[in-house]
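The values are calculated or read from the model by the stated rules, or taken from the named source; none is laboratory data. Keep in mind that what you see is a predicted model, and the values were worked out from it rather than measured. Cβ placement follows ideal geometry from the backbone for every residue including glycine, while neighbour counts extend to all protein chains displayed. For accessibility, only protein heavy atoms count, side chains too; no ligands or nucleic acids. Shrake-Rupley method; radii C 1.70, N 1.55, O 1.52, S 1.80 Å.
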Amino acid sequence: MAQGKIGVTTENIFPVIKKFLYSDNDIFIREIVANAVDATQKMKALASKGEYKHELGDLTIDIAIGEAKLPGEKEGEEKTVKTISVTDRGIGMTEAEVDKYINQIAFSSAGEFLEKYKDQNIIGHFGLGFYSSFMVSQMVTIETLSYKTNAKGVKWTCHCDPEYQMEHSDRKERGTTVTLYLDSDSEGFADRYKLEQLLKKYCKFMPVTIRFGKEQEWKDGKYVDGKKDNIINNCEPIWTKKPSELKDEDYDKFYKELYPMQDDPLFHIHLNVDYPFNLTGILYFPKIKDRLDLSRNKVQLYCNQMFVTDSVENIVPEFMTVLHGVIDSPDIPLNVSRSYLQNDDNVKKISGYITRKVADKLDEISRNNAADFEKKWDDLKIFIEYGMLTDAKFCEKAMEFALFKNTDGKYFKMADYRKAIETNQTNKDKKVVYLYTNDPVAQYTQIEAAKNKGYDVLVMDCQLDAHYVGLLEQHIHDSVFTRVDADIIEKLIVKEDLKEVKLSEDEKKHLQEEFEKILPKENKYEVSMQNLGEAADAVSINQNEFMRRYRDMAAVSGGMNIYGDMPAYYNVTVNADSPLVKKIQESEGGINADNQLLKQICDLALLSAGLLKGKPLADFIRRSAELLK
């Protein structure tokens, strides 16, 4: 029996492994199973090259849980510990290979193998990956037999310290068994249900069949092993196949496999490229039920079918993290834990490729099936707006297929809508005014007033629209976006200068002061008087488009909101042509805060603007009832 110290640069690397090697200690199961897959793939590669001429036999990888006896703390005592074993029928190792790839921790056998068999999928990195087992174990053993002629079995044992024992084994079957003797605080990993969930998380699509005992059956009041093998993984997920081999039903079925509780997706995109990098995958556009709930981290990243992470912010553009699906690429650089991505030119190219594919797919649907695209627009809108706001290249492409929706429920491409409104909605500065509402019910009065003028009103009720309209003003030449309640209808699209009522400075001051006495004190007001015609409202209250937009943008962005701490500013327009205003002016005291009629028309304006609440609303109702007597 050989003894020695593991070849590492620190005196005892195991405390480092336990604390710092991986952020999640459950990842050990992925690493150990990945090594078994690696060994099996190597075996297949040798056979395909004609370098192994015997029968490969059953190559299924077996996972098992059990118990074992180890020496206790006192001499002569024994303790029972939980175990997890992973057995493959792959390439195995000779004593020299165990010494090189296990004892000399810095080496990776997969690295050397790849140099020789570059066309094969080898995912294992046996060196550090193997040592992840010590994050949860007090002892680890390896029993292995190489495929090579006349090879002898080897058993390697390590008690979580730099010393190991290596001896001959009577193993007869080609391959390797790694057995983890779990720490007392890690015994939960040997729970059947917990281990199966981890296997499905990390190994669900690994390319070699993985068996975890038998499927459970309910019998005599308890679960027992049935006759059918409990196969953990799907070795041939659909992203490994050509799109021409698949039907829509295949994509829908795979989506349910990934997300069993989700509604059917809107549509999918199949990614498949082998130059200048390797990338396959399928991205799904989910239905977003709650626009305030943009759940992320639904895209899963794989490396040759081995799960790596579902935090893909550095692989796909930020706005695409709300998509669902799978991306698989061996060209994405990973650190030792395969859990954090590094900045790399390949990563940037992959991100650009995915952006382009998604934009092309959306453009294709909008051109080839406009009716279907319109039907899905309300679900797609927030995703597309998010992309346009955060990715300049996507924005440039999206300007060609993004839609507008008006209050009549009709959809328009941006260029078509421009042609439809520019004759009637161009202001005196030669800018086309795009009117919109973020709440068709609350702003019904203003929408109807705009329609009576022959104007069209867009529905922009997404939480990103405060930012989005600013972006559109930058990209659509000579355009202005104005919410339909931003001003009186005569001033929303100013085609000629309005006639102003000439007031002295004292009259302006008096008008301002008397209205401020009536209006809610928490806001600021700018009061003016204009000739708007007898049919127009006596008093109108509106919030300036840009001040309101900045407040909305700050609210969506979060963080410090200086606008949210400032009082809201409103424009108050008094219609000098209104018979009611003339009646007030001609009454004793004229425009005065004590005038009941003035209070009534101010409250009507506040009510229309959604600003009349609480006690003032109750007073208005009482006063209205008295006026009707």
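Take the solvent-accessible surface of the protein heavy atoms, probe 1.4 Å, and return the percent of it on segment 409-483 that carbon and sulfur atoms account for.
Here it works out to 48 percent.
Of all alpha-carbon pairs in segment 200-315, indicate the percentage at a distance above 24 angstrom.
39 percent
Going from most exposed to least, what order do Glu249, Glu75, Glu514 have by accessible area with a 1.4 Å probe?
From most accessible down to least: Glu75, Glu249, Glu514.
Quick one: ranking His475, His54 by accessible area, 1.4 Å probe, largest first, what do you get?
The ordering from most to least exposed comes out as His54, His475.
I need the trypsin sites (Lys or Arg not before Pro) found in segment 381-421, filtered to DSSP loop residues with at most 15 other beta carbons within 10 Å of theirs.
Here the trypsin sites (Lys or Arg not before Pro) that fit, given the DSSP loop and packing criteria, are Lys410.
With r defined as the distance between the Cβ atoms of Lys453 and Asn368 and R0 fixed at 45 Å, what FRET efficiency is calculated, to the nearest 0.05?
Details: r = 37 Å, r/R0 = 0.82.
Once the sixth-power term is evaluated, E becomes 0.75.
Per-residue accessible area for His324 at 1.4 Å probe radius, Å² rounded to 10?
Its accessible surface works out to 10 Å², give or take rounding.
Given the convex hull of the Cα atoms of segment 24-103, what is a quarter of its surface area in nm²?
Approximately 8.0 nm², given one-decimal rounding.
So what's the angle, to the nearest 10 degrees on a 0 to 90 scale, between helix 596-608 and the longest Cα principal axis of the chain?
Once rounded, the angle reads 30 degrees.
How far apart, in nanometres, would the label points at Lys583 and Glu496 be if each is projected 7 angstrom from Cα along the Cα-to-Cβ direction?
Placing both labels 7 Å along Cα→Cβ, they lie 3.1 nm apart.
Under a crude label model (7 Å from the Cα following the beta-carbon direction), how far is His510 from Lys410 in nanometres?
It is 5.0 nm.
Over all distinct Cα pairs, what is the inverse of the mean 1/r for segment 440-533, reported as the Kirkwood hydrodynamic radius in Å?
Final number for the Kirkwood radius of segment 440-533 is 16.3 Å.
Nearest 500 deg cm²/dmol is fine: what mean residue ellipticity at 222 nm does the chain get from its DSSP H runs of n ≥ 4 alone, each adding -39,500 (n - 2.57), divided by its residue count?
One gets -10500 deg cm²/dmol as the mean residue ellipticity at 222 nm.
Take the Cα radius of gyration of segment 469-523 and divide it by 2.2 N^0.38 Å, with N its residue count; two decimals is plenty.
1.66
Can you tell me the relative contact order of the chain? Whole percent, Cα pairs under 8 Å, sequence separation 6 or more.
8 percent
Can you work out the accessible area per residue across the chain, with the rest of the protein chains kept in place, probe 1.4 Å, in square angstrom?
For the chain, the solvent-accessible area averages 51 Å² per residue.
State, to one decimal in nm, how far the label point of Gln596 lies from the label point of Lys49, with both points 7 Å from Cα in the Cβ direction.
10.1 nm
Using the reciprocal of the averaged 1/r over all distinct C-alpha pairs, how large is the Kirkwood radius of the chain in Å?
Working: mean 1/r = 0.0330 Å⁻¹.
It works out to 30.3 Å.
Which loop trypsin sites (Lys or Arg not before Pro) in segment 450-545, with loop taken from DSSP, have no more than 14 other Cβ atoms within 10 angstrom of their Cβ?
Lys453, Lys495, Lys499, Lys502, Lys521
May I ask you to rank Thr390, Thr426 by accessible area, largest first, using a 1.4 Å probe over the protein chains only?
Accessible-area ranking of Thr390, Thr426, largest first: Thr390, Thr426.
Among DSSP bridges having both ends in the chain, what percentage is antiparallel? Round to the nearest 5.
75 percent
How large is the accessible surface of Val37 in square angstrom, using a 1.4 angstrom probe and rounding to the nearest 10?
Answer for Val37: close to 0 Å² accessible.
Which FRET efficiency, nearest 0.05, do Lys375 and Ser244 yield, Cβ-Cβ r, R0 25 Å?
Efficiency computed from Cβ-Cβ geometry: 0.40.
Any chance you could look up the accessible area of Leu464 with a 1.4 Å probe, heavy atoms only, rounded to 10 Å²?
30 Å²
With a 1.4 Å probe and every protein chain kept in, tell me what percent of the accessible surface of segment 589-629 is carbon plus sulfur.
Result for segment 589-629: 62 percent of the exposed heavy-atom area is carbon or sulfur.
Sketch the reach of a paramagnetic label on Asn272 as a point 7 Å from Cα along Cα-to-Cβ, and name the residues of segment 198-240 whose backbone nitrogen lies under 16 Å away.
236-240
Can you give me the Rg/Rh ratio for segment 138-185, using Cα atoms for both radii and the Kirkwood formula for Rh?
1.05
Bin width 5 Å, origin at 0, all Cα-Cα pairs of segment 136-230: what percent of pairs per bin?
3, 11, 14, 16, 17, 19, 13, 6, 3, 1, 0
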